[in-house]
Amino acid sequence: MNKTIFVAACVLGLLAVVLGAFGAHGLQQLVEAKSVASFETGVRYQMYHACLLFVLGLLPGVTERIKRIVFYLVIGGVALFSFSIYLLAINSLFDFDFKVIAFITPIGGALLIAAWAILGISIYKSK
């Protein structure tokens, strides 16, 4: 499981750097400053959670079951939270109105909160 966690952390981190560079250098000419700021929020939270996955893979005393649960919550949370923010930020560039998916952003946030809570409780309860 640790190898999967580390690979996922690398992929999320790599994508965060690429998307962050796009947001900083390419997106500013395409959308409003408010949208760029939202996009950057998605990138920031994606990178935070890439780092969390690295830590998760290194943590001793956390069971494989808890690692698996936290891993899936983080992946699902980033997919729903950050990627919905990316789509909402570039909404004005498409004919499709991505605002119809805005309800998934807080669901993604709740998954990320759950991941942190489960990990924290697991660490607290460990001997």
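Below is a table of values for the structure above.
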read-out	value
Filtered residues of the range 14-32 (kept if without any contact (Cβ under 8 Å) to a residue 40 or more places away in the chain and β-branched (Val, Ile, Thr))	17, 18
All positions within the range 3-57 that are over 19 Å from residue 109 (Cα atoms), in contact with a Leu (Cβ under 8 Å, 6 or more places away or on another chain) and assigned to a helix (DSSP H, G or I)	5, 6, 36
Residue count, the range 85-127 (criterion: in a loop (DSSP other than H, G, I, E, B) and not small (Gly, Ala, Ser))	7
Some residue of the range 17-32 being touching a helix residue (DSSP H, G or I) at 6+ places or on another chain (Cβ under 6 Å), under 30 Å from residue 62 (Cα atoms) and surrounded by 13 or more Cβ atoms within 10 Å (Cβ to Cβ)	no
Selection from the range 74-124 of residues that are among the β-branched types (Val, Ile, Thr), touching a residue at least 60 places away in the same chain (Cβ under 8 Å) and farther than 14 Å from residue 49 by Cβ	90, 123
Qualifying residues in the range 33-57 (those that are among the aromatic types (Phe, Trp, Tyr) and touching a residue at least 12 places away in the same chain (Cβ under 8 Å)) - the one surrounded by the most Cβ atoms within 10 Å (Cβ to Cβ)	39
Flag if residue 74 is of a type in the set (Val, Ile, Thr), part of a helix (DSSP H, G or I), under 21 Å from residue 116 (Cβ atoms) and within 11 Å of the chain's Cα centre (by Cα)	yes
Filtered residues of the range 69-92 (kept if over 12 Å from residue 46 (Cα atoms) and among the small types (Gly, Ala, Ser))	89, 92
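Since every read-out is calculated from the coordinates, none of them should be taken as a lab result. Remember, predicted model here, so these are calculated numbers, not experimental data. All Cβ positions, even for glycine, are placed from backbone atoms using ideal geometry, and neighbour counts span all protein chains on display.
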